[in-house]
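Reading through the structure tokens given below for one structure.
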Amino acid sequence: MTQKLTGTVAIVTGASSGIGHATALDLASHGASVALVARRADRLTDLVAEIERNGGTAIAIPTDISDRAQAEAAVAATIERFGRLDILVNNAGLMILARATEANVEDWDRMIAINQQGLLYITKAALPHLQSAARDDLREVADIVNVSSVAGRSTFPTASAYSLTKYGVNGFSEALRQELGESHVRVGVLEPGKVDTELDSHNNDEILAHIEANFGGFTMLDPQDIAESISFMVTRPWRAAISEIWVMPTEQA
């Protein structure tokens with residue numbers, strides 16, 4: 001594979017599993033050095049070893065991005081190790097479904113903290129470094145990719161709070177795109193349909209049964225499908241910005 005990202009540095013949040021794990025591997029295969037950001041240190045260590053076995057470069061930065069100080073420290077550790085930042089993939093997310101009348105408010109707080117506040121914290125810390133990278137001659141561009149959801153385009157019962165967080169990601173991404181385009185920092189949002197990941201695992205048995213009833217009859221996306229879409233977005237020539245990709249399972253209505 002042609003290594004289109006040689007010399008670049010990427011941060012991937014939520015890198016310990018699912019879409020984040022697959023994205024880190026894919027970006028590394030294109031030549032990027034990858035900073036792996038997530039809470040589960042053991043999984044990050046294993047992923048670093050996997051990337052290095054494949055000839056790539058990565059570091060593990062165990063982080064709870066919902067803590068502003070930790071999010072800022074993750075960006076600082078990336079710069080200290082690699083000296084630059086070209087790509088930020090905001091993938092970390094949490095989905096806890098419930099009807100609003102039955103929901104636990106603490107679950108709403110957790111989703112807002114991770115899906116929105118964590119994304120804001122790490123993006124704010126990364127912006128000066130992304131703008132700096134966009135000014136040099138390596139690629140003449142830098143990238144932010146925010147992983148949202150089809151639940152940020154249309155919603156359904158039990159997803160009221162989750163959709164709130166993802167509609168917010170979409171709105172933030174569009175405004176940021178307009179703010180940063182002239183400085184060659186591209187901002188794209190990627191909205192997956194049902195992907196075979198651990199995202200459902202925080203839900204109770206009733207919700208899991210509901211998910212199975214609605215989504216069990218078709219083949220879900222593989223995390224690699226999303227990873228390849230992210231790599232497509234960030235490997236375009238500097239003149240081409242992909243602002244939105246909506247990826248659905250073929251059989252999903």
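The values are calculated or read from the model by the stated rules, or taken from the named source; none is laboratory data. Note that the structure is predicted; figures quoted are calculated from it, not measured. We place every Cβ from the backbone using ideal geometry, glycine too, and count neighbours over all the protein chains shown.
Numbers for the structure displayed
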| quantity | calculated |
| --- | --- |
| Qualifying residue in the stretch 84-93 (condition: charged (D, E, K, R) and out of contact with any strand residue (DSSP E or B) (no Cβ under 7 Å at 6 or more places or on another chain)) | no |
| Matching residues, the stretch 104-136, being free of Cβ contacts under 8 Å to residues at least 60 places away in the same chain and either of a type in the set (Val, Ile, Thr) or not in a helix (DSSP H, G or I) (or both) | Asn104, Val105, Ile112, Ile114, Thr123, Asp136 |
| Residue list for the stretch 1-34, restricted to those being touching a residue at least 40 places away in the same chain (Cβ under 8 Å) and part of a loop (DSSP other than H, G, I, E, B) | Lys4, Leu5, Gly7, Thr8, Gly14, Ala15, Ser17, His30, Ala32 |
| Selected residue (only one of Thr165, Thr155 is crowded, with 23+ Cβ neighbours inside 10 Å, farther than 26 Å from Pro237 by Cβ and not aromatic (Phe, Trp, Tyr)) | Thr165 |
| Residue satisfying condition, being surrounded by fewer than 21 Cβ atoms within 10 Å (Cβ to Cβ) and assigned to a loop (DSSP other than H, G, I, E, B), within set Thr101, Thr45 | Thr101 |
| Any hit, the stretch 80-97, residues being surrounded by fewer than 18 Cβ atoms within 10 Å (Cβ to Cβ), under 13 Å from Val185 (Cβ atoms) and charged (D, E, K, R) | no |
| Filtered residues of the stretch 165-189 (kept if in contact (Cβ under 8 Å) with a residue 24 or more places away in the chain and of a type in the set (A, V, I, L, M)) | Val169, Leu176, Leu180, Val185, Val187, Val189 |
| Residues satisfying the stated conditions in the stretch 131-145, i.e. surrounded by fewer than 20 Cβ atoms within 10 Å (Cβ to Cβ) and under 20 Å from Val189 (Cα atoms) | Gln131 |
| Answer residue from the stretch 35-63, given it is of a type outside the set (Ser, Thr, Tyr) and free of Cβ contacts under 8 Å to residues at least 24 places away in the same chain and is nearest to Ile11 (Cα to Cα) among those | Val48 |
| Residue list for the stretch 1-26, filter: crowded, with 18+ Cβ neighbours inside 10 Å and under 20 Å from Glu80 (Cα atoms) | Leu5, Thr8, Val9, Ala10, Ile11, Val12, Thr13, Ala15, Ala24 |
| Those residues of the stretch 137-160 which are part of a loop (DSSP other than H, G, I, E, B) and not polar (S, T, N, Q), in sequence order | Asp137, Leu138, Arg139, Glu140, Val141, Arg153, Phe156, Pro157, Ala159 |
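So that you can scan it fast, the table gives a plain yes or no per residue for (1) assigned to a helix (DSSP H, G or I); (2) among the charged types (D, E, K, R); (3) at pLDDT 90 or above:
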residue: Gly181; (1), (2), (3): yes, no, yes
residue: Glu206; (1), (2), (3): yes, yes, no
residue: Asn214; (1), (2), (3): yes, no, no
residue: Ile226; (1), (2), (3): yes, no, yes
